[in-house]
Amino acid sequence: MKALVWHKPSDIRCEEVPDPKIEHPRDAIIRVTTCAICGSDLHLYNGYMPGMVNGDVVGHEFMGEVMEVGPEAKGALKVGDRIVVPFTIFCGECEQCRRGNFSVCETTNRNREVAAKAFGRTTAGLFGYTHLTGGYQGGQAEYVRVPFADKTHIKVPKSGLTDEQVLFLGDIFPTGWQAAVQCDIEPTDTVAIWGAGPVGQMAIRSAVLLGAKQVVAIDRVPERLDMARAGGAVTINFEEESVIERLDDLTSGKGPEKCIDCVGLEAHITSHVDSMYDRVKQAVMAESDRPHVLREMIYVCRPAGTISVPGVYGGLVDKIPFGASMNKGLTWRMGQTHVNRWTDDLLRRIEEGQIDPSFVITHTQPLERGPEMYQTFRDKQDGCIKVVLKP
Amino acid sequence: MRYETERTGRRGHPDSTTDALARGLGVFSIALGLVEVVAARSLTRALGMQGNETLVRLYGLREIAKGVGILASNDPMPWMWGRVAGDALDLATLATGLEGDNPKRDNVMLALASVAGVTALDIYCAQTLSRESPTPLPPMRDYSDRSGLPRPPKAMRGAARDFEAPRDFRTPEALRPWTSSRPDGAGREQPA
């Protein structure tokens, strides 16, 4: 079968790889009908996440048709079912899963010992996202083996929804939604969102639907700010104006009650001193992530406010003003998304027409053009915000 | 005329700032060239480099030609690199004025510093122009209709208020405001 294969940073190729097989009674094999490139895939592409191995198949946003079902998954799935696959693999039985904390499932990471060494405790297995999270083959491929498939799926009802409308239930929609839910939005809240990429766009719509008084989006790419405005956000182009001054203007000098980081470890390098400091430290391997957004959020957030972090961080950050955070009494919420905790509710909202997540798609291409689309997406060329691939 | 690239914030707009700088340097080039042609003898005397009048006049003609090239062309980039090459020649020629016991050595030093300053400006201008696109980029994509919502965002505000956040996702009770801001008035009362 064809799949997008990671070889080294900036080197992803579309190649022939062996077809997946059922390896465990709870597995299923699906034929991928639609997949997407996620912003967090760019961390792999740019070589910022440790634990990738030459030959890994990438991709964790995908959906398709069930082709084969292991004996222990037959009660939940049957051949021909149309499913979206959540990027977090979960067992549904461990203590964390029983609490709904699917992204920290204690069972599904088959490299638990390695993860525990890196993070202290293991987190869930993820598709196509390093050997720290299990080394599972990803979904930018024609076929995928879905482990723990009896739980790790979202069944698409026969209601005429297109792939494009439901695909993002597997990651970016629930990720933006959880980011907003973590803020426990009040009708008087201003919610400031750093990063107007795909997750940022979903977080904007989620904050609007959840009733925020004002949503502010911060980015530098004109097309992304354009799309953010379409979703109801006030926008700040941080290359043209001061984020802090503008947020002060928008909140009578008090700062936003809720701040969401949809940027993560690869914050754009600006002329700010701390931003250049991060780049230098990263270059000499003294820091893995660039946390400019975290610093800015801590500084600008209203005291007793909430900081929500759906943006991916990989390792060590430096010069975090934790004293300011502590003294301001900020609440921090973060983590990979507990996808299936939200998907029943979000699928209903899509079916009812409350939102159509396909608005974010700007490029649709065959799988073979995946490698060049990685570059287009990374370099934000051609107005690229979200790439969908068709195997 | 050059245009800012896809990587710049304004992408695809004519870069009027660098363009204006290039044209300013073009005017300067013509003015300097005229001085070199008309007052070559005074210049060489002031620099203690008598005997080089013809060379200075030739340099003057070169300056005038480049200035005209910058001002008359649609794309000043190659002419600006020509100015950088000319600056190198000027610096090398002036450096010969430091040899021996030239009594006007201080003037030569001053001239070298001035030319070095202009060279820096020329290099900056030429490099910026080189990075930019000679043709306008395609117009920015219009995503102003990509709301994903069935009605304008204002009308959709709070449409998902039926969503009940799970207990572990709610703000800790101790951090909730004493007076609830919820429209239904639910929440804790102000303490007496």
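The values are calculated or read from the model by the stated rules, or taken from the named source; none is laboratory data. On a predicted model such as this, the values are computed, not experimentally measured, just so you know. Counting neighbours? That spans all protein chains shown, and the Cβs are built from the backbone with ideal geometry, glycine included.
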Name the residues in region A:303-350 that are more than 23 Å from A:C91 (Cβ to Cβ) and in a helix (DSSP H, G or I), would you?
A:F322, A:G323, A:A324, A:S325, A:M326, A:N327, A:R348, A:R349, A:I350
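For every residue, the table says whether it meets (1) out of contact with any Gly (no Cβ under 6 Å at 6 or more places or on another chain); (2) among the β-branched types (V, I, T); (3) surrounded by fewer than 19 Cβ atoms within 10 Å (Cβ to Cβ).
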residue	(1), (2), (3)
A:L210	yes, no, no
A:G264	no, no, no
A:V280	yes, yes, yes
A:V293	yes, yes, no
A:I298	yes, yes, no
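Looking at A:S308, is it within 22 Å of the chain's Cα centre (by Cα) and closer than 26 Å to A:G231 by Cβ? Break it down into steps so the answer makes sense when it comes.
Values: within 22 Å of the chain's Cα centre (by Cα): yes; closer than 26 Å to A:G231 by Cβ: yes.
Yes; evaluated as a whole, the condition is true for this residue.
State whether the residues of region A:246-257 include one that is assigned to a helix (DSSP H, G or I), away from chain B (no Cβ under 14 Å) and modelled with pLDDT under 95. Can you show your working first?
In the first step, residues of region A:246-257 are kept if they are assigned to a helix (DSSP H, G or I); the result is A:246-250.
Narrowing further to those that are away from chain B (no Cβ under 14 Å): A:246-250.
Next, from what is left, pick out any that are modelled with pLDDT under 95: none.
The answer is no; no qualifying residue exists.
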Would you point out which residue out of A:D344, A:D289 is within 25 Å of B:M156 (Cα to Cα) and either at pLDDT below 95 or within 14 Å of chain B (Cβ to nearest Cβ) (or both)?
A:D344
Exactly one of these conditions fails for A:G197: (1) more than 10 Å from chain B (Cβ to nearest Cβ); (2) over 18 Å from A:K380 (Cβ atoms); (3) crowded, with 19+ Cβ neighbours inside 10 Å; (4) within 23 Å of the chain's Cα centre (by Cα). Give me its number.
(2)
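Does A:A217 satisfy the criteria of being touching a residue at least 12 places away in the same chain (Cβ under 8 Å) and either over 28 Å from A:P187 (Cβ atoms) or within 14 Å of chain B (Cβ to nearest Cβ) (or both)?
On the way: touching a residue at least 12 places away in the same chain (Cβ under 8 Å): yes; either over 28 Å from A:P187 (Cβ atoms) or within 14 Å of chain B (Cβ to nearest Cβ) (or both): yes.
So A:A217 passes the test.
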So A:H338 clears everything in (1) surrounded by 15 or more Cβ atoms within 10 Å (Cβ to Cβ); (2) more than 30 Å from A:E16 (Cβ to Cβ); (3) away from chain B (no Cβ under 14 Å) except one condition, right? Which one?
(3)
Where residues in region B:166-192 are under 22 Å from A:R302 (Cα atoms) and among the small types (G, A, S), which of them is modelled with the highest pLDDT?
B:A174
Residue that is modelled with the highest pLDDT, among those in region A:262-274 that are in contact with a helix residue (DSSP H, G or I) (Cβ under 8 Å, 6 or more places away or on another chain) and farther than 16 Å from A:Y48 by Cβ:
A:C262
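Residues checked against (1) more than 14 Å from every other protein chain (Cβ to nearest Cβ); (2) surrounded by fewer than 18 Cβ atoms within 10 Å (Cβ to Cβ); (3) more than 27 Å from the chain's Cα centre (by Cα):
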residue: B:T93; (1), (2), (3): yes, yes, yes
residue: B:G100; (1), (2), (3): yes, yes, yes
residue: B:A111; (1), (2), (3): yes, no, no
residue: B:A116; (1), (2), (3): yes, yes, no
residue: B:D145; (1), (2), (3): no, yes, yes
residue: B:G158; (1), (2), (3): no, yes, yes
residue: B:R170; (1), (2), (3): no, yes, yes
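Just wondering, is there one or more residues in region A:351-359 that are away from every other protein chain (no Cβ under 12 Å) and out of contact with any strand residue (DSSP E or B) (no Cβ under 7 Å at 6 or more places or on another chain)?
We begin by selecting, within region A:351-359, every residue away from every other protein chain (no Cβ under 12 Å); these are A:351.
With the extra rule that they be out of contact with any strand residue (DSSP E or B) (no Cβ under 7 Å at 6 or more places or on another chain), the set shrinks to A:351.
Yes, region A:351-359 has at least one match.
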Residues being at the interface with chain B (Cβ under 9 Å from one of its Cβ atoms) and of a type in the set (S, T, N, Q): count how many of those fall in region A:173-194.
3
Inter-residue pairs, beta-carbon under 7 Å, first without any contact (Cβ under 8 Å) to a residue 24 or more places away in the chain and in region A:327-346, second of a type outside the set (D, E, K, R) and surrounded by 15 or more Cβ atoms within 10 Å (Cβ to Cβ), 6+ apart
A:D345/B:F163
Identity of the residue in region A:360-384, touching a strand residue (DSSP E or B) at 6+ places or on another chain (Cβ under 8 Å) and within 12 Å of another protein chain (Cβ to nearest Cβ), that ends up farthest from A:E61 (Cα to Cα):
A:D382
Among what's in region A:70-82 and is outside any loop (DSSP other than H, G, I, E, B) and in contact with an Asp or Glu (Cβ under 8 Å, 6 or more places away or on another chain), pick the residue that is surrounded by the most Cβ atoms within 10 Å (Cβ to Cβ).
A:A73
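To keep it simple, each residue is scored yes or no on (1) surrounded by 24 or more Cβ atoms within 10 Å (Cβ to Cβ); (2) in a helix (DSSP H, G or I).
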site	(1), (2)
A:R26	no, no
A:I29	no, no
A:T33	no, no
A:M52	no, no
A:G64	yes, no
A:Q96	no, yes
A:E106	no, no
Return the total of residues in region B:78-95 being of a type outside the set (A, V, I, L, M) and more than 17 Å from B:L58 (Cα to Cα).
3
